[in-house]
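These notes are about the structure you will find just below.
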Amino acid sequence: VATRTIAAVGEFAFLARILPQLTNGPDTIIGPGHDCAVIRCGDGRYLFTIDALVEGTHFRRQWLSPRQLGRKSFLVNASDAAAMGGRPRFCVVGMSAPPTYPARDLANIEVGIAAAATECGADVVGGNLARARQLSITIALVAEAPRRTVSRAGAQPGDRVYVTGTLGDAGAGVRVLRAGRRRRSLAADAHAVRRFREPTPRLRAGQLLVASGIVSAMIDVSDGLIQDLGHVCSASNVGAVIHATNLPVSAAYRTIMRTDPRLALSGGEDYELLCTVPERNVTQLERQRAHLGCPLTWIGAITRGRRIKVVDAAGRPMSIEAGGYDHFRGSR
Ligand SMILES: [Mg+2]
């Protein structure tokens, strides 16, 4: 075992082994294993999270302009704050670049980070720059925590499963970028690529859904619906059934993928929110719907047991590829 590589162990198995060994004090309200930690500091409660975009793993340099890359590296962090109903406030930025990387491009990454942070209400308050073989941007974000704590762990059998926005666009965008410029529907391609380049963290929806006490569990969909739903199910010790025909997909997705639901189920980087809502809160949810700032679609239900099933229009189980993204088992 001692000689096994991290790839052989796998990202999630590795985390499952390491995280229980951390010991935290009483001011760590929620520790590792969620979209953000919840911490108490003096009189305040904050969300705390970190995320990295690494060349070759998350992007190829020609897929995003430096400014878009900077924006995206902030926005994926903001999405983790959204998943717990937080308001982004402060971030620090760690950048690594090869010595040959153009200084102007690095400056534009910083411009993109600062612009996205400002849009989301946060200040960039520090950082670090190091030499490395690949370009990478790591951002740690502090967000104001809501009074209520909603994590991945509160889903109960019978709860409805909802998702914001549309699913699979970013995955379709990556497919378009990989294929290069020789495809038919330019408008659909452009939409999908834009969704890959410019995620829209659902901050307003996240804040409202948590503050109003409507949701029992929430996560942002960064690694694909099935995988992230899997995190909710294992943290909550429940299963789920998803109705494939209810998955919200864009017109662009349908143009690119036709009726194939695979990228909606397991394409990553959508940065939508997946939440569970107890039946008793559905009326309140309908009252708030117009204020969420994005569509919210009912896609299934939480069940007993630990299995996730996807069913077709006739209720027949569909086979789902394990799908989702494990960092040590794939690359861009
Ligand atoms: Mg997340």
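Can you give the calculated 222 nm mean residue ellipticity of the chain, where each DSSP H run of n ≥ 4 adds -39,500 (n - 2.57) and the sum is split over every residue, rounded to the nearest 500 deg cm²/dmol?
Details: 11 runs with 109 residues, N = 332.
Calculated at 222 nm, the ellipticity per residue is -9500 deg cm²/dmol.
Taking a ≥ b ≥ c as the square roots of the eigenvalues of the alpha-carbon gyration tensor, the stretch 69-183 is classed oblate because a/c is 1.5 or more while a/b is no larger than b/c.
Using a 10 angstrom cutoff on alpha carbons, build the Gaussian network for the chain and name the most mobile of Tyr101, Tyr162, Tyr271. Comparing Tyr101, Tyr162, Tyr271 in a Gaussian network model of the chain, the most mobile one is Tyr101.
Just the number, please: carbon plus sulfur as a percent of the accessible area of the stretch 36-129, 1.4 Å probe, no ligands or DNA/RNA counted. Mind showing how you got there, number by number?
On the way: 2160 of 4030 Å².
Whole-percent figure for carbon plus sulfur exposure: 54.
Scanning residues 5 or more positions from Lys309 or on other chains, those with amide H under 5 Å from its amide H are Ala240, Val241, Ile242, with H placed 1.01 Å from N in the peptide plane.
Under the definition of Cα pairs under 8 Å and six or more residues apart, what whole-number percent is the relative contact order of the chain?
22 percent
Phi angles across the stretch 164-175 convert, under the Karplus curve 6.51 cos²θ - 1.76 cosθ + 1.60 with θ = phi - 60°, into 3J(HN,Hα) values of 7, x, 10, 10, x, 4, 5, x, 5, x, 5, 4 Hz, Gly and Pro given as x. Under a model in which nothing but the beta-carbon of Lys, Arg (+1) and Asp, Glu (-1) is charged, the stretch 96-216 shows a dipole of about 640 debye around its Cα centre. By the scheme Lys and Arg +1, Asp and Glu -1, what is the net charge of all other residues having a beta-carbon under 10 Å from that of Glu279? With Lys, Arg at +1 and Asp, Glu at -1, the neighbours total +1. For the peptides 201-213, 280-292, residues were scored by their other Cβ atoms within 10 Å and the scores averaged per peptide; the highest-first order is 201-213, 280-292. Working note: Karplus 6.51/-1.76/1.60 with θ = phi - 60° gives the stretch 88-96 the couplings x, 10, 9, 9, 10, 10, x, 10, 10 Hz, where Gly and Pro are set to x. Principal axis extents of the C-alpha atoms in the stretch 83-130 (largest first, rounded to whole Å): 40, 19, 17.
In percent, rounded to a whole number, the relative contact order of the stretch 200-284 is 55, using alpha-carbon pairs under 8 Å and six or more apart. Per-residue 3J(HN,Hα) values for the stretch 224-234, derived from phi via the Karplus relation 6.51 cos²θ - 1.76 cosθ + 1.60 with θ = phi - 60°, read x, 3, 5, 5, 6, 4, x, 5, 5, 5, 6 Hz in sequence order (x marks Gly and Pro). Extent along the principal axes, Cα only, for the stretch 6-124: 45, 41, 23 Å, with the longest axis given first. Amide H contacts of Arg89 (H built 1.01 Å from N, in plane; Pro and chain starts excluded): Val142, Ala143, Glu144 sit under 5 Å, all sequence-distant by 5 or more or on other chains.
Can you tell me what the convex hull of the Cα atoms of the chain projects to on average, as an area in nm²?
Values: hull surface 73.7 nm².
For the chain, the mean projected area of the Cα convex hull comes to 18.4 nm².
The values are calculated or read from the model by the stated rules, or taken from the named source; none is laboratory data. Bear in mind that the values here come from a model prediction, so they are computed numbers and not experimental data. Cβ: placed from backbone, ideal geometry, glycine included. Neighbour counts: every protein chain shown. These area figures cover heavy atoms from the full protein model, side chains too; ligands, DNA and RNA do not enter into them. Shrake-Rupley method; radii C 1.70, N 1.55, O 1.52, S 1.80 Å.
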